[in-house]
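Okay, structure first, notes after.
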Amino acid sequence: MTTTFIQLAYLVAAVLFILGLRNLSSPKTAPLGNIMAAIGMLIAIVATLLTTGVVNYGIVVAGLVVGGAAGAIAAQRVEMTAMPQMVALLNGFGGAASALVAGAEVMTAVTAGEAPTGIVPTAIVLSVLIGGITFTGSLIAYAKLQEVMTTAPIQYPAQQVVNALIAVGAIGLCVMLAMNPLNAPAFAVLAAIALLLGVLLVIPIGGADMPVVIALLNSYSGLAACATGFVLDNSALVISGSLVGASGLILTKIMCDAMNRSLANVLFGAFGAVSESAGAGAGVDQGTVTAYTPLDAAVIFANARSVIVVPGYGMAVAQAQHAVREFSDTLAEMGMEVNFAIHPVAGRMPGHMNVLLAEADVPYDRLVEMDEINPRFPETDVALVLGANDVVNPAAREDETSPIYGMPILEVDKARHVFVIKRSMNPGFAGIQNPLFFKENTMMIFGDAKKVMIALNDAVKHY
């Protein structure tokens, strides 16, 4: 009876996972999807605790209390700008948990002197390998996003050859351990190699590619969890891990398409590394930039009929989303059509801008994806760019020598007027200058995005 109940609970949890994931595909239904998935996970945890294999409920409860407290504190204190770093850490912790569970299974088998059979040895090996790579790879991604280490690609001679040799050695060791799973020292070596690979695979990836890396590491954490599900013979873990792994891979593909680059190019291209050609191009005189004030901008906005707001990471850093929403409400009250153009890789993780704007209660119907909004720019009176850089860089469309050439962008330069709010003329993650700033229809406003938006709102109201 208990076994039947547990399997039924797992089935209900799996359905909730699938429905939750489906609802996460839209900003409007994402909160509901998150709740459904959380309820499904709660059901799966309770059902798992009812199994006869639980050794010590005290330790389990202690873990739940400590982990729950840490999660609650992080949810309250971590700023939205630091959410990508938090996601990276969560991916890493998930990978580490899978590797530790697989390691515990190995130690149990060695102590009992009974080698696991069937698919379990392979699952253990995959849990250790993928989990270890995910853990250290996520820590490096966190360090790059937090800027405690350089965001530029870290390269050294014969880097790809070294990585390939280590990977081949890891695969050979995996095959050996799958055939002889009672070799604990060899498992320790595999774990060390996996941890090393996680570092070596992520350090040559630049900060501009971190959205792709986060999505890929999320997929890795799911695959590690799925393998651990086979180790523990837990169907809920197999299903949830499969869903995370598959959705992460799909999201990675979407991110690569949004950057017009292959996954291989992201992982091995060292995008963002300083080169002689890039250095030479950076010194080209593209013209002069004139700084405008919010009062100057108010004249243009007051006479506009349509406005498209393009949020970027600068808006996130300044925590300007609430001021932006108030400004958009002011324009809407004046009879203007206001929309928000969302680029898939704006910010530092997939959906970053959607989350920030949703937090500020921007109506979902105002958030428009890139493919739908681009045809509207030529008929738009004003495009307001808030801290975005690479995703609005026309060099991606016009300059075949540019490292971002071919990347789909938000074509803000086609609007009648373009206002760009930035702290300075510093380039974005890609490390290249943006010719948009020097175009005749572009007006630059330098300063903190939040302060500028508050001043701009007041100026438009009293124009």
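The values are calculated or read from the model by the stated rules, or taken from the named source; none is laboratory data. Not measured: the values here are computed from a predicted model. With ideal geometry, Cβ positions are generated from the backbone for all residues, glycine too; neighbour counts draw on all protein chains shown.
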Within region 131-159, the count of residues that are of a type in the set (Val, Ile, Thr) and not in a helix (DSSP H, G or I) comes to 4
Here the residues within region 340-359 that are buried (at least 19 other Cβ atoms within 10 Å of the Cβ) and either of a type in the set (A, V, I, L, M) or more than 14 Å from the chain's Cα centre (by Cα) (or both) are 340, 341, 342, 345, 346, 349, 353, 356, 357
Does residue 117 satisfy the condition of being of a type in the set (Ser, Thr, Tyr), crowded, with 16+ Cβ neighbours inside 10 Å and closer than 21 Å to residue 226 by Cβ? no
Yes or no: region 121-130 includes at least one residue that is under 30 Å from residue 316 (Cβ atoms), of a type in the set (Val, Ile, Thr), out of contact with any Ser or Thr (no Cβ under 7 Å at 6 or more places or on another chain) and part of a helix (DSSP H, G or I). no
Exercise for review: Using the structure shown, decide if residue 404 is among the β-branched types (Val, Ile, Thr), assigned by TED's automatic domain parsing to the domain that holds residue 318 and not in a helix (DSSP H, G or I).
Suggested key: yes
Residue hits (region 319-342; part of a helix (DSSP H, G or I) and of a type outside the set (S, T, N, Q)) are 322, 323, 324, 325, 326, 327, 329, 331, 332, 333
**OP:** Answer with yes or no whether residue 6 is free of Cβ contacts under 8 Å to residues at least 40 places away in the same chain and surrounded by 14 or more Cβ atoms within 10 Å (Cβ to Cβ).
**Re:** no
Taking region 160-199 and keeping residues part of a helix (DSSP H, G or I), touching a residue at least 40 places away in the same chain (Cβ under 8 Å) and touching a Phe, Trp or Tyr at 6+ places or on another chain (Cβ under 9 Å) leaves 160, 177, 194, 195, 198
Taking region 395-449 and keeping only residues that are charged (D, E, K, R), touching a residue at least 40 places away in the same chain (Cβ under 8 Å) and surrounded by 20 or more Cβ atoms within 10 Å (Cβ to Cβ), one is left with 422
Residue pairs qualifying under the 9 Å Cβ cut-off, at least six apart or on distinct chains, with the first in region 213-241 being in the same structural domain as residue 118 (by TED's automatic domain parsing) and under 23 Å from residue 199 (Cα atoms) and the second being part of a helix (DSSP H, G or I) and acidic (Asp, Glu), are 228/105
When every residue in region 143-159 that is under 18 Å from residue 266 (Cβ atoms) and in contact with a helix residue (DSSP H, G or I) (Cβ under 6 Å, 6 or more places away or on another chain) is compared, the one modelled with the lowest pLDDT is 151
All-but-one check, residue 111 against (1) in a helix (DSSP H, G or I); (2) surrounded by fewer than 19 Cβ atoms within 10 Å (Cβ to Cβ); (3) in contact with a Leu (Cβ under 9 Å, 6 or more places away or on another chain); (4) not charged (D, E, K, R), failing number (3)
Could we say that residue 225 is modelled with pLDDT of 85 or more, over 20 Å from residue 129 (Cα atoms) and crowded, with 24+ Cβ neighbours inside 10 Å here?
-> no
Within region 43-82, of all residues that are farther than 21 Å from residue 234 by Cβ and in contact (Cβ under 8 Å) with a residue 12 or more places away in the chain, the one surrounded by the most Cβ atoms within 10 Å (Cβ to Cβ) is 81
With criteria (1) in contact with a Lys or Arg (Cβ under 8 Å, 6 or more places away or on another chain); (2) outside any helix (DSSP H, G or I), residue 211 comes up short on (2)
